[in-house]
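Every number in this text was worked out from the coordinates using simple rules, so none of it is lab data. These numbers come from a predicted model, not from an experiment. Using ideal geometry, Cβ is built from the backbone for each residue, glycine included, and neighbour counts are taken over all protein chains shown.
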Amino acid sequence: MKSLLSLLMSLIVMATFAQKDFEGKATYMSKTTMDMERFGNQMSEQQKKQMMARMKNFLEKTYTLSFNKNESSFKEEVKLDAPGSSGPRWGASNGQGSIYKNLKDREMIEDVEQFSKRFLVVEPMEQPKWELGTESKKIGQYTAYKATMTTVDTKVDWGSIFRRGRRGAQKDSTNTEGKEKVKMVNVTAWYTPQIPVSSGPESYWGLPGLILELNADRTTMLCTEIVINPSEAVTIEKPKKGTKVTREKYNKIIKQKTEELKERFQNRRGGGRRGF
């Protein structure tokens, strides 16, 4: 009952702030774990540790969410290599990608570069089917409430793409009719009505307050800093440069190009590169 009353009071606060113009920035730390057991005995423990070290830039990232009442832009921060560091920078950002959300127009655009080509992945924003709970906890100075949902994961499944090269892996990624399996993901979000923005990290949104913590599949995102109405105006730009595609078409393009590269690598031969 106490949690429910606190939630109702927070919603009243949210309604009050909703009448005012405001903007802000939120910083998120993201960490993803890898299922190393899928490699079984194919790799030694030392090799697994080395792979984890090389993949650190891909598994641990920092993002900034710039927002106002109607728009937001979620962008990865560029990390500079330490002096003397060497080796491949797996998953390193070039500072170009972002996820733009427009709550008023219900439009989401992911600005992403793959295979030296810029894409604008356009998706309609259908209201997420969140289940609101009364459980709460403190995240920094804010009271956050729990919300959960199970949704379809529409992202490119890089794991299934690279597993296809191994014997029997095709059965893991497709059903008996030869179609791609639909991957479902359980999502837990902690949002605060004290910041009346129906947005959050990555592509997630639709709650009565800013999402401060998110757990989806093997990824956890935690807000570490929030600045409301900073001294410098918050700039949110809608992505315009790139080839516009749907999420389905983008996934097909990426899978096709990845399979082509894998085949070339396995055959140890060149050949002309096919266009998009």
* Asked: Highest mean first, what order results for 122-134, 138-150 on Cβ atoms within 10 Å?
  -> 138-150, 122-134
* Asked: Quick one: which of 192-204, 101-113 comes out on top by average Cβ neighbours within 10 Å, and what's the full order, highest first?
  -> 192-204, 101-113
* Hey, rough spin-label estimate for Glu113 and Thr33, points 7 angstrom out along Cα→Cβ, what's it come to in nanometres? -> 3.3
* Structure fact -> Simple SL model, points at 7 angstrom along Cα→Cβ for Asp21 and Asp105; separation in nm is 1.9
* **Extension gain (nm, one decimal) between Thr246 and Asn229, 0.36 nm per residue minus Cα-Cα** => 2.7 nm
* Once label points are set 7 Å from the Cα along Cα→Cβ at both Glu77 and Lys181, what is their separation, rounded to one decimal in nm? -> 3.7
* With the radius of gyration and the Kirkwood radius both derived from the Cα set of the range 185-276, what is their ratio Rg to Rh? -> 1.15
* Table column - 3J(HN,Hα) (Hz), the range 116-122, Karplus curve with 6.51, -1.76, 1.60, x for Gly and Pro -> 6, 10, 8, 10, 10, 8, 9
